[in-house]
Structure formats: C-alpha cells, structure tokens
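The values are calculated or read from the model by the stated rules, or taken from the named source; none is laboratory data. Because the structure is a prediction, the values reported are computed rather than measured. FYI the Cβ positions are ideal-geometry reconstructions off the backbone, even for glycines, and counts take in every protein chain you see. Quick note on the areas: whole protein, heavy atoms, side chains included, nothing else; ligands and nucleic acids left out. Shrake-Rupley method; radii C 1.70, N 1.55, O 1.52, S 1.80 Å.
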Amino acid sequence: AGEQFAGVRRSIIRMTEGYDAADPTRASTFALRDEWLGGGLRQSSRIVQGYGALMAYLAHEIRNHGGAIQFGAEVKSVEGATMRCADGTTLTGDRIVNTVPLPVLHDIDFGVAFAPKRKAADAIGYGDVIKILFGFETMFWKNARGRDMSRLSFLLSDEFVPTWWPQYPRPHTGLTGWFAGPRAAKSTLSEAELIERGLDAVSRIFAIDARPHLKAARAIHWGQDRFARGAYSYATPESHA
C-alpha cells in the first residue's frame, strides 16, 4: 500500500482492465498472478486469415458431417433436449451444448434445476470491450518519433483508447485499438465518435496525423451487442479455485 508502489499499482490496474477486460475491484488477484506468471501474457498467436477463417472451417466441418446451421433461432427456453425459440418454433436433438455468453444465460429459461449452475455462472466476471479497427495506406508507425518500431507488437498508453497492436510479424497496414473493463462498460459514444477518439489517440502516440493515411475504420462495442453483452470472462475470488 506504500506510495513507493503507486506506479506498480497503476500498471497492474491498467493491465487488468486493458488486457483481461476485467474490473480490478472484482477480479481475483491470485488468478491474475497465476495467469501473468504462468506465461498467459505471451500467448498472443493470431490466425493469419483472421477469426473469420475459423468460423468458416467450423461451419464446413459441421455441414461435412451432416449437421445443419439454423440462423435466426433465438432460444428462449430449454427443457430436456428441446429448445423453444422466440418465434415459436422448437428444435429437438439428442443433447444440447450451451455456449452462450454469461449474461445471455439470464434470457433463457432453463428451469429450476439450472439454478445452481446459474449461481455459479454469476460468480464469474464478464468484462466489456470496445475494439477499434483501422486500415491505413502505410505502416507509418514503423519509424514514428524517430524510433525503430518495426517490431512493435503491443502498445499501452495513457490515451483515451490506450491499447494498440499491429499484425506483427505480418507486414500488414492495420492497427487494432482497444479499451476495456469498467470504462468501456460506461461508454455511450457512437461508432463515429469512437473512431475519432481512436484517430486522436494514434496521432498523439506516434506524433503524426493519422487521418490522411486512413483507408477504412470500424468500431465495435461488444457490450452493446445483445447476443454478446461484453467480451471476456475472468476469475473472481468467488469463482477462482
């Protein structure tokens, strides 16, 4: 608690919010310790073609094995192996595998027997994230501020959008911005406003006006997606074993 550790505390809080998308007042300190000391921060591999390639592969495998993908089927209740959807249709199978995000569990009636599982799920933290995607004409940050940043892989700053990363080691002209945790959950900014804030942050970080280099931009607030309501789960003292 000493003043001499103020910088360390600040760094830990920023990392907890910015990397784990967690609320520092609710996250398990021991779980964070285990993750960070156990190599969790070094697990930054990416799919070269993006996560769309993973979705395409899974869809192909499902259909290749005789499965069907039903879109627009918003499940509202589950009884045994039967699901009832918002439009009144029912879907029945041998088993149901539930993979909905934690907050969405409250939108589905699983019956009284599910109560203990719901209580356990409520003990798990679930963080919000705003993600900003920029496509630029060039990798202008490689020599920003007169420094060699050609191997930049992850950047933390004090900007409104504090966290950024390129697609290193791929020579890709995209930058991903990110801010998470309680700040993201409280944000009411529109997509256009988030893009402007992101461009301001990039311009200040690299000491260059990023706007003339911009080709494309998106901003996604995952907490406002009704079928996601956030981004990542995290351990709390109640859920961490």
message = Can you pull out every residue in region 168-219 that is polar (S, T, N, Q) and in contact with a Lys or Arg (Cβ under 7 Å, 6 or more places away or on another chain)?
response = Thr176
task = For residues that are buried (at least 18 other Cβ atoms within 10 Å of the Cβ) and of a type in the set (A, V, I, L, M), scanning just region 214-227, find the one that is nearest to Tyr126 (Cα to Cα).
result = Ala219
task = Only one of these is touching a residue at least 12 places away in the same chain (Cβ under 8 Å), surrounded by fewer than 18 Cβ atoms within 10 Å (Cβ to Cβ) and of a type in the set (Asp, Glu): Glu159, Glu137. Name it.
result = Glu137
request  = Can you work out which of the residues in region 37-69 that are part of a helix (DSSP H, G or I) and either in contact with a Leu (Cβ under 6 Å, 6 or more places away or on another chain) or at pLDDT below 85 (or both) is surrounded by the fewest Cβ atoms within 10 Å (Cβ to Cβ)?
outcome  = Arg42
note = The condition from (1) part of a helix (DSSP H, G or I); (2) touching a residue at least 24 places away in the same chain (Cβ under 8 Å); (3) farther than 26 Å from Val129 by Cβ that Arg14 misses is numbered (3)
task = Answer yes or no as to whether Val48 is of a type in the set (Val, Ile, Thr), in contact (Cβ under 8 Å) with a residue 40 or more places away in the chain and under 23 Å from Thr236 (Cα atoms).
result = no
request  = Note down all Cβ pairs under 6 Å where the first residue falls in region 185-213 and is within 16 Å of Thr138 (Cα to Cα) and open to solvent by 30 Å² or more (accessible area, probe 1.4 Å), the second is part of a helix (DSSP H, G or I) and modelled with pLDDT of 95 or more, and they're at least six residues apart or on different chains.
outcome  = Asp209/Ser203; Arg211/Leu199
task = Using the structure shown, decide if Ile108 is under 30 Å from His240 (Cα atoms), under 16 Å from the mean Cα position of the chain (by Cα) and crowded, with 17+ Cβ neighbours inside 10 Å.
result = no
query = Given the conditions (1) modelled with pLDDT of 90 or more; (2) in a loop (DSSP other than H, G, I, E, B); (3) open to solvent by 60 Å² or more (accessible area, probe 1.4 Å), which single one is not true for Ala73?
reply = (3)
task = Please find, among Ala185, Ala241, Ala219, Ala228, the residue that is part of a loop (DSSP other than H, G, I, E, B), under 13 Å from the mean Cα position of the chain (by Cα) and either of a type outside the set (Lys, Arg) or modelled with pLDDT under 95 (or both).
result = Ala228
